[in-house]
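Step one of this worksheet: look at the structure below.
The values are calculated or read from the model by the stated rules, or taken from the named source; none is laboratory data. Given the structure is predicted, the values throughout are model-derived calculations rather than measurements. Reconstructed Cβ throughout: ideal geometry from the backbone, glycine too, with neighbour counts over all protein chains shown.
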Amino acid sequence: MKRLGLIQVYTGDGKGKTTAALGLALRAWGKGWKIAIVQFMKDDPGYGEVKALQELDGIDLFPAGRNDFVNLDQPEEIDCRLARQGWELVQSFLAEGVYDMVILDEINIAIACGLLAEAEAEVVAALRQHKKRPQPRAEIVMTGRYATPGVLAEADLITEMKELRHPFAQGIEMREGIDH
């Protein structure tokens, strides 16, 4: 089976974007793929997925954020700097070709909310360049709300998660093992 190195985007206001990407990672890992996950705006060692991923040899997790909420209306300089470092890491992974899958968790919102605003054109250019690389090349998976038109134009697969009902609206708070 050929590894085409397609670009997948999971976006929208519904729950399940990161979960879908992690499901792909698990499936690929089961077939012997080497996977990098760069988590923009995240660095919480208490998340269930972080604990699980630490147990799987062949999936490397790289936080590109801090263990704090990001003000999406006015991101702090540290959040922008960490996002930029994460993007530089992604670029090196794609250039080196070490990984079979590179997941850019929450990059869409990092771009849209200003953490990587100046890099949107750079991200789109990198996606275009990725498509020109010889095969096999890494599958790219991008998650997060507010995927930009430029990112969507380069995607081979786009899934929009749409919230129809959510327990939060019923006053049910985050649940361990389900929401984090």
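Residues that are touching a helix residue (DSSP H, G or I) at 6+ places or on another chain (Cβ under 8 Å) and farther than 12 Å from A147 by Cβ within the stretch 108-121 comprise G114, L115, L116, A117, A119, A121, listed in sequence order.
Using the structure shown, decide if A36 is surrounded by 20 or more Cβ atoms within 10 Å (Cβ to Cβ), within 16 Å of the chain's Cα centre (by Cα), at pLDDT 95 or above and within 22 Å of P136 (Cα to Cα). Considered against the rule, which asks whether it is surrounded by 20 or more Cβ atoms within 10 Å (Cβ to Cβ), within 16 Å of the chain's Cα centre (by Cα), at pLDDT 95 or above and within 22 Å of P136 (Cα to Cα), A36 comes out as yes. Within the stretch 167-178, one or more residues are closer than 25 Å to L26 by Cβ and among the basic types (K, R).
K15 meets all of the listed conditions (1) charged (D, E, K, R); (2) assigned to a helix (DSSP H, G or I); (3) within 30 Å of R165 (Cα to Cα) but one, namely (2). Failed condition for D105, given (1) touching a Cys at 6+ places or on another chain (Cβ under 8 Å); (2) at pLDDT 95 or above, with all others met? Against the list (1) touching a Cys at 6+ places or on another chain (Cβ under 8 Å); (2) at pLDDT 95 or above, D105 comes up short only on (1). For the condition modelled with pLDDT of 95 or more, surrounded by 13 or more Cβ atoms within 10 Å (Cβ to Cβ) and touching a Leu at 6+ places or on another chain (Cβ under 9 Å), G86 qualifies.
So is A28 modelled with pLDDT of 95 or more, assigned to a helix (DSSP H, G or I) and aliphatic (A, V, I, L, M) or not? Yes, satisfied. Just to be sure, is D43 of a type in the set (D, E, K, R), free of Cβ contacts under 8 Å to residues at least 40 places away in the same chain and within 18 Å of I140 (Cβ to Cβ)? In short, no.
Among the residues of the stretch 59-107, just one is on the phi > 0 side of the Ramachandran plot and of a type in the set (D, E, K, R), namely E106. Sub-6 Å Cβ pairs linking a first residue in the stretch 1-29 that is under 16 Å from L94 (Cβ atoms) to a second residue that is modelled with pLDDT under 95, at least 6 apart or interchain, are R3/P136; G5/R137, ordered by first then second residue.
Quick check on the stretch 56-71: of everything there that is hydrophobic (A, V, I, L, M, F, W, C) and in contact with a helix residue (DSSP H, G or I) (Cβ under 7 Å, 6 or more places away or on another chain), which residue is farthest from A21 (Cα to Cα)? Ranking the candidates gives V70 first.
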